[in-house]
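Visitor: Let me begin by handing over the structure; questions about it come next.
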Amino acid sequence: MVTQVERRVRTHSWGKISEEHEELVAQAGRILRRNDMGGWTRAAPWLYPHQWSWDSAFIAVGLAHLDTRRAAQELRTLFAHQWKTGKVPHIVFNPKAPPHSYYPGADHWACAAASPDAPLAPPYTSCLCQPPVHAIAVLRIWQAAEREDEKARAEATEFLREIYPRLLAWHRYLATFRDPERSGLVTIYHPWASGTDNSPRWDGALAAVEIGEMSTYPRYDLQHVAEPSERPASTEYDRYLWLVKLIKRAGCDERAIYRSHPFLVKDVLFSAILVAANDALLEIAEVVEASDEERELVEGWAGRGRKGLEKCWDEKLNLCLDYDLRADKPLRARTVAGFAAPLIAGRQSLERLAALLSELDSPAFAGHPNLRWPLPPSTSPKERGFDPRSYWRGPTWPVINWLLWYSLLQAGEAERAELIRRAALDQISSNGFAEYFEPFTGEPLGSNSQSWTAAVVLDWLLSDPLRKPQSKRSE
Ligand code: 2M8
């Protein structure tokens, strides 16, 4: 892959990148090569030795710049484990992962394979899912292939034909099983499904979960980080594992979970990513010449999603709020999801866009005077649950910065997007390919050699800035 990296840098048609950035591209390529398990990529070498769903999508975005065929393979492997319902599992477990490296692992989730909807096992999968970045990644692969030769373009078009029905089934699953109310908002059953696991977004809903009898369990994750405080606390883990126990007890059956589960939340970030993914799916539908009926369906999902998100807007907080279905009330937490969700969903009015940008730039987020880099912390320092070292409770995350950058470009806010890209690259080039960073000191935290961090660096440095997305603001 190093040679691919070198070739890619050399054939970079829109001008030379600096030596420092060239080195960063080479490092990113090496990380992805080291984490490459042959057809799929582990999320990180020690902490996460399996294939995670949204990690793989981001990884494919990065790989697209090195080898479009390998990028396509990343998603092909993941979608080979899609459930009959259309669900893409949040983890596909690596049968060769070292013992005692990750908990809860395949043994714990093996029960999921008993569901009539589960794919053939092994490998086993979890029965949760994660935000659907996949269609965005597929489109990125196709765009990268467009810049290559005839053969690459033909192969990418073939890949789009193959993956399109699977993406459609995945989005249909989210629009139906995960939104029986037809609200446009996706319901999650577990904080792990949000991807922002211990964010204060979930504190209110988790506090209401009463834990029953549970056996003790190992915290293998803690052996892979410098300080236990970088990972979720044991009170949070107790609830995570209790919720898993209830999901297993319900036989991983969607309807049974919906009826009885104590954690049932409409997740605005997940829902917004689905809207953006539906926009991407529409572009894919055009390439594969999908039927008008299917295009209308996807367009309908995107429209319903935007309307649903609009209803979650809180005028006072200037943020979009998650909704607790069990308590029947919004979850009031000041986190990056609150302004990222409408930005990611796109097509905001000029007035709303201005409100979102002012929130992003305010001292509550990227404008906080003590930040090492002007990048939004995952949780606002003004929020009670803020903790600058703990996982999703405060640190900045490169993938979130990527989503913001991508959405700002879509919104026609190229200059604002560029500020994020530069700051995020500087953060990584100064302090390494960490999973997340302490926002005030810039200290790298969590795992190092995190695959999706390497992947977004490749996209930031190798994607074509001349391809300016159209502004898709609504009037
Ligand atoms: C983190 O989540 C896993 C559980 O899914 C964990 O903490 O064990 C989250 O950051 C999640 O968003 C990410 O996909 C995963 C792998 O990078 O790690």
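Visitor: What shape does the range 15-106 take by its C-alpha gyration tensor, where a ≥ b ≥ c are the square roots of the eigenvalues and a/c under 1.5 counts as rounded, a/b above b/c as prolate, and the rest as oblate? Before the final figure, lay out the partial values.
Guide: Values: a/c = 2.83, a/b = 1.57, b/c = 1.80.
It comes out oblate by the Cα gyration axes.
Visitor: For the range 25-105, what is the accessible area per residue in Å² when the probe is 1.4 Å?
Guide: I get 30 Å² per residue for this part.
Visitor: Could I ask something else about it? Keeping all protein chains in the complex and leaving out DNA, RNA and ligands, what accessible area do you get for residue 136 with a 1.4 Å probe, in Å² to the nearest 10?
Guide: Spelled out: residue 136, probe radius 1.4 Å, area about 10 Å².
Visitor: So what's the projected area for the range 365-475, the Cα convex hull averaged over all directions, in nm²?
Guide: The directionally averaged projection comes out at 7.5 nm².
Visitor: Plugging the Kirkwood radius over Cα pairs into Stokes-Einstein for the range 169-301, at a temperature of 10 °C and a viscosity of 1.306 mPa s, what D comes out in µm²/s?
Guide: After rounding, the answer is 94 µm²/s.
Visitor: Would you kindly derive the ³J(HN,Hα) couplings of the range 49-56 from the backbone phi angles with the Karplus curve 6.51 cos²θ - 1.76 cosθ + 1.60 (θ = phi - 60°), listing them in order in whole Hz, with x for Gly and Pro?
Guide: Rounded to whole hertz, the list is x, 10, 9, 9, 5, 6, 4, 4.
Visitor: Report ³J(HN,Hα) in whole Hz for each residue of the range 289-306, in order, from the Karplus equation J = 6.51 cos²θ - 1.76 cosθ + 1.60 where θ = phi - 60°; Gly and Pro get x.
Guide: 6, 5, 5, 4, 4, 5, 5, 5, 4, 5, 4, x, 4, 5, x, 5, x, 4
Visitor: What residues have an amide H closer than 5 Å to that of residue 319, excluding those fewer than 5 places away on the same chain, when H is modeled at 1.01 Å from N in the peptide plane?
Guide: 314
Visitor: Given a cut-off of 33 Å, what percent of all Cα-Cα pairs of the chain lie beyond it?
Guide: 30 percent
Visitor: Are there trypsin sites (Lys or Arg not before Pro) in the range 86-171 that DSSP marks as loop and that have at most 11 other Cβ atoms within 10 Å, and which are they?
Guide: Of the trypsin sites (Lys or Arg not before Pro), the ones in loops of the range 86-171 whose Cβ has at most 11 other Cβ atoms within 10 Å are 96.
Visitor: Could you rank the peptides 282-294, 247-259 by their average count of other C-beta atoms within 10 Å per residue, with the highest value first?
Guide: Ranking, from highest mean packing down: 247-259, 282-294.
Visitor: Could I ask something else about it? With a 1.4 Å probe and every protein chain left in place, tell me how much accessible area residue 177 has, in Å² to the nearest 10.
Guide: Near enough 60 Å² of accessible area.
Visitor: Let me ask something else. Do any of 329/382; 84/245; 84/329; 96/266; 96/151; 87/245 go past 27 Å between their Cα atoms, and which?
Guide: 84/329; 96/266; 96/151, as the Cα separations exceed 27 Å there.
Visitor: Pull up all non-local amide H partners of residue 331: gap of 5 or more, or a different chain, and H-to-H distance under 5 Å with H placed in the peptide plane.
Guide: Amide H to amide H, under 5 Å and 5 or more residues apart or across chains, residue 331 pairs with 322, 323, 324.
Visitor: Compactness ratio of the range 251-290: Cα Rg over 2.2 N^0.38 Å, N = residue count?
Guide: Relative to the rule-of-thumb radius for its length, the range 251-290 sits at 1.73.
Visitor: Jot down the per residue volume, in cubic angstrom and as a whole number, of the convex hull over the alpha-carbon atoms of the range 393-456.
Guide: 77 Å³
Visitor: How many percent of the alpha carbon pairs in the range 333-424 exceed a separation of 21 Å?
Guide: Tail of the P(r) past 21 Å holds 23 percent of the pairs.
Visitor: Through the Karplus equation 6.51 cos²θ - 1.76 cosθ + 1.60, θ set to phi - 60°, convert the phi angles of the range 30-41 into ³J(HN,Hα) values in whole Hz; use x for Gly and Pro.
Guide: 5, 4, 5, 5, 5, 8, 6, 9, x, x, 8, 10
Visitor: Also: With each label point set 7 Å from Cα along the Cα-Cβ vector, what nm distance links residue 114 and residue 327?
Guide: Inter-label distance under the simple model: 3.3 nm.
Visitor: In deg cm²/dmol, rounded to 500, what helix-only [θ] at 222 nm does the chain give when every DSSP H run of at least 4 residues adds -39500 (n - 2.57) and the total is split over its residues?
Guide: Calculated from helices alone, the mean residue ellipticity at 222 nm is -15000 deg cm²/dmol.
Visitor: Same structure again: Can you give the extra length, in nm with one decimal, that the chain gains between residue 103 and residue 299 once fully stretched, where that is 0.36 nm per residue apart less the Cα-Cα distance? Can you show the working numbers first?
Guide: Numbers: separation 196, 0.36 × 196 = 70.56 nm, distance 3.91 nm.
Net length gain for the segment: 66.7 nm.
Visitor: Still on this structure, please answer the following. Could you pull the Cα extents of the range 322-383 along its three principal axes, largest to smallest, in whole Å?
Guide: Each principal axis gives a Cα extent; for the range 322-383 these are 39, 27, 15 Å.
Visitor: Separate question: If you rank 173, 103 by how much accessible surface each has, with a 1.4 Å probe, what is the order from largest down? Can you show the working numbers first?
Guide: On the way: 173 0, 103 55 Å².
Solvent-accessible surface, decreasing: 103, 173.
Visitor: How big is the Cα convex hull of the range 54-135 in projection, averaged over all directions, in nm²?
Guide: 5.7 nm²
Visitor: Another question, then. Would you grab the residues whose amide H sits under 5 Å from the one on residue 379? Only those 5+ places off in sequence or on another chain, please, with H modelled 1.01 Å from N.
Guide: Amide H neighbours of residue 379: 336, 394.
The values are calculated or read from the model by the stated rules, or taken from the named source; none is laboratory data. On a predicted model such as this, the values are computed, not experimentally measured, just so you know. Cβ coordinates were reconstructed from backbone atoms using ideal geometry, including for glycine residues, and neighbour counts include every protein chain displayed. Each accessible area value is taken on the protein alone, full model and side chains, heavy atoms only, with ligands, DNA and RNA left out. Shrake-Rupley method; radii C 1.70, N 1.55, O 1.52, S 1.80 Å.
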